[in-house]
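Below: one structure, written as structure tokens.
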Amino acid sequence: MAQPVIDMSPVIQLAKLSGFSPIITTASPHNGEYLKSIGATHVLDRNTPSSALIDQIHEIAAGPIGIVYDAVSFSDTQKLGFNLLGDVGSLILVLPPVEGIKGTASKR
């Protein structure tokens, strides 16, 4: 399934202006320099398998992930985002949560 084209510029810029760090995003490699120029600290290839992305992100973050913003909100991206969160964290979605994500009490 093709990924939609989504302008993450406002979200990344707001995160940067708000003092969040690191700001890790996934995208096509050809968008990496642009995303870094607007505030992303790390740009990972969106085609990387989920298990490898989780490992890369945990290595970069070096601690619990408190906020995941999922601009795509497909089933697989929601599950990935949820699996990245620490014991207490927020998964922000642009679409309704898929079954298995909604109402999970251990992570908010």
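The values are calculated or read from the model by the stated rules, or taken from the named source; none is laboratory data. As the structure is a computational prediction, the values presented were derived from the model and not from experiment. Positions of Cβ are generated from backbone atoms using ideal geometry, with glycine treated the same way; all protein chains shown enter the neighbour counts. SASA here: full protein model, heavy atoms, side chains in, ligands and nucleic acids out. Shrake-Rupley method; radii C 1.70, N 1.55, O 1.52, S 1.80 Å.
Brief remarks follow.
- Residue in segment 43-51 that is at pLDDT 90 or above, over 15 Å from PHE20 (Cα atoms), of a type in the set (Gly, Ala, Ser) and more than 11 Å from the chain's Cα centre (by Cα) present: yes
- Summed over segment 23-42, the residues that are assigned to a strand (DSSP E or B) and open to solvent by less than 60 Å² (accessible area, probe 1.4 Å) give a count of 3.
Residue by residue, here is whether (1) surrounded by fewer than 19 Cβ atoms within 10 Å (Cβ to Cβ); (2) hydroxyl-bearing (Ser, Thr, Tyr); (3) modelled with pLDDT under 90 holds:
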site	(1), (2), (3)
PRO64	yes, no, yes
PHE82	no, no, no
LEU91	no, no, no
GLY103	yes, no, yes
SER106	yes, yes, yes
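- Criterion violated by ASP87 - all others in (1) in a strand (DSSP E or B); (2) surrounded by 14 or more Cβ atoms within 10 Å (Cβ to Cβ); (3) charged (D, E, K, R) satisfied: (2)
- Annotation: of all residues in segment 1-22 being of a type in the set (A, V, I, L, M, F, W, C) and either touching a helix residue (DSSP H, G or I) at 6+ places or on another chain (Cβ under 8 Å) or in contact (Cβ under 8 Å) with a residue 24 or more places away in the chain (or both), the one that is least open to solvent (accessible area, probe 1.4 Å) is ILE12.
- Which listed residue, of ASP45, ASP55, ASP70, is buried (at least 16 other Cβ atoms within 10 Å of the Cβ) and among the charged types (D, E, K, R): ASP70
- Some residue of segment 61-72 being touching a Leu at 6+ places or on another chain (Cβ under 8 Å), in contact (Cβ under 8 Å) with a residue 12 or more places away in the chain, within 19 Å of VAL98 (Cβ to Cβ) and of a type outside the set (A, V, I, L, M): yes
- Selection from segment 55-94 of residues that are farther than 17 Å from SER21 by Cα, hydrophobic (A, V, I, L, M, F, W, C) and touching a helix residue (DSSP H, G or I) at 6+ places or on another chain (Cβ under 8 Å): ALA71, LEU80, LEU93
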